[in-house]
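Trainee: Take this structure first; my questions come after.
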Amino acid sequence: MNKRFLILFLVIAVTIALSLFSIVSCSPSSTAVTQMAKETVEEKEMTEEEMIEDESIAEETMAEEEEMTGYMDVTPEEAKKLIDESPDLIIIDVSPKYDEGHIPGAINYYIGDGSLDKAIPTLDPEAEYLVYCHVDSASIGGAQALIDAGFENVYRLAGNYAAWVDAGYPVEK
């Protein structure tokens, strides 16, 4: 994690906490607030070894989350690379808004009307799948439905369709 970002985050968090504290109890002077914020930042400065350790912990946590869900979240960039490098990748849009725009080559199995559940028995559990929607809850549900059915190679587009569009990648209508 970027050291400057961490320090900035801590300063903001301490400032907000102290602001809330001053609302609830007596109001400390602005000098006292500034001094407390500086002390907190100084206490929280990390050595390079501590930052590497924190980064390792974050990577382990992400791996544990993937094990728990079974699917892997990918960025739009990673999804584009998967699409370009995996010609057999099956792209599933679980959204009711498929006709308003979708990733090229995507097929629509709307999760809300049971289309995905009906399609799962016809899909190859050994194939690779990229699942997305226009909202997280549906794409998470769609990816998890494939995992629950025994599929192993399932990716979910983090940020969904909006992230794909924001990245400037092509869409079909």
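Trainee: Can you tell me how many residues within segment 117-146 are buried (at least 24 other Cβ atoms within 10 Å of the Cβ) and aromatic (Phe, Trp, Tyr)?
Mentor: 1
Trainee: Can you report the number of residues in segment 106-156 which are within 22 Å of the chain's Cα centre (by Cα), of a type in the set (Asp, Glu) and either under 12 Å from residue 91 (Cβ atoms) or part of a helix (DSSP H, G or I) (or both)?
Mentor: 3
Trainee: Moving on to the next point. Taking segment 147-166 only, how many residues are among the aliphatic types (A, V, I, L, M) and buried (at least 22 other Cβ atoms within 10 Å of the Cβ)?
Mentor: We begin by selecting, within segment 147-166, every residue among the aliphatic types (A, V, I, L, M); these are 147, 149, 154, 157-158, 162-163, 165.
Then drop every residue that is not buried (at least 22 other Cβ atoms within 10 Å of the Cβ), which leaves 154, 157.
Residues that pass the stated criteria total 2.
Matching residues to (1) aliphatic (A, V, I, L, M); (2) modelled with pLDDT under 95; (3) closer than 18 Å to residue 71 by Cα; (4) not assigned by TED's automatic domain parsing to the domain that holds residue 91:
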| site | (1), (2), (3), (4) |
| --- | --- |
| 114 | no, no, no, no |
| 120 | yes, no, yes, no |
| 124 | no, no, yes, no |
| 130 | yes, no, yes, no |
| 145 | yes, no, yes, no |
| 155 | no, no, yes, no |
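The values are calculated or read from the model by the stated rules, or taken from the named source; none is laboratory data. As the structure is a prediction and not an experimental result, all values here were calculated from the model. Note: ideal-geometry Cβ built from the backbone for every residue, glycine included; neighbour counts use all protein chains shown.
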